[in-house]
1. On each of the three principal axes of the Cα atoms of the stretch 37-194, give max minus min coordinate, whole Å, ordered largest first.
2. Once you order the gyration tensor axes a ≥ b ≥ c over the Cα atoms, which shape class does the stretch 200-275 get: rounded for a/c under 1.5, otherwise prolate or oblate by comparing a/b with b/c?
3. How big is the Rg/Rh ratio for the stretch 155-282, C-alpha atoms only, Rh by Kirkwood, two decimals?
4. Among 64, 193, 166, rank each residue by its count of other Cβ atoms within 10 Å, from fewest to most, as a rough exposure measure.
5. What's the FRET efficiency of residue 271 with residue 120 using the Cβ-Cβ distance as r and R₀ = 35 Å, to the nearest 0.05?
6. Taking 51 Å as R0, compute the FRET efficiency from the Cβ-Cβ separation of residue 127 and residue 63 and round it to 0.05.
7. Rounded, prolate or oblate: which fits the stretch 124-167, taking a ≥ b ≥ c as square roots of the Cα gyration tensor eigenvalues, rounded meaning a/c under 1.5, else prolate when a/b beats b/c?
8. Provide 57, 203 in ascending order of the number of other Cβ atoms located within 10 Å of each residue's Cβ, fewest first.
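Values in this text are rule-based calculations from the coordinates and carry no lab data. Please read these numbers as outputs of a predicted model, since none were measured by experiment. We place every Cβ from the backbone using ideal geometry, glycine too, and count neighbours over all the protein chains shown.
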């Protein structure tokens, strides 16, 4: 998971039911129902549709509000759906009941970070102790250290998180953004480039790589896999960097390329280009 993809610059189910030789005894019906619905809750949580999961757990809680697994599923699915204010309320309720598990606390801290509740997030992570072997714990601590501009600490946590996952592209992208924020553009470019090598579909890393190069005066598109829409977006975003650096002629050329690359789906470049032409006419 990845918590940030950009900064100030555009930085960007099938349930298997076993067959029994004979049906359950009458007194066992409720127990079987609970087991089946618990399996269903696990399947829903494992699905990729967070909004559907939110609806499932909301409806389930209407019928069985006392079910802790439904309460937990509701909190987690809200977090996955990006509904972090609602998620924090649901996690708080679990915490007050004494039902917040370590994994829940990590997701709770993540939602708090998304809401810029840095102190509360740090407090939640501290309750977990030194979970050095946990990828998410290290990543969230890296983000908190970033927010406090504690760069050395952030680097240690990023390095730990990067070593604890076989898919580190998101970690590397966040680490690159961290280095950009402290002015280390060369370091940021290395991180973004490595992120793209691990995941060539991660547009945020491709975009950030282009922006970091643009801040160094290099406005060429990086040699990375890009769709037409992605290329148009990066041309546009590079033009914004050029404009902010007073390179109006370069910005105009980049905007023209953005319009030529994908005019139907990217009108923002055309609008900025028209604005530049108006300035010239004056």
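1. 56, 28, 25
2. Here the stretch 200-275 falls in the oblate category.
3. 1.04
4. 166, 64, 193
5. 0.30
6. Working: r = 32 Å, r/R0 = 0.63.
Plugging the Cβ-Cβ distance into 1/(1 + (r/R0)^6) gives 0.95.
7. Oblate is the answer for the stretch 124-167, as a/c is 1.5 or above yet b/c matches or exceeds a/b.
8. Lowest count first: 203, 57.
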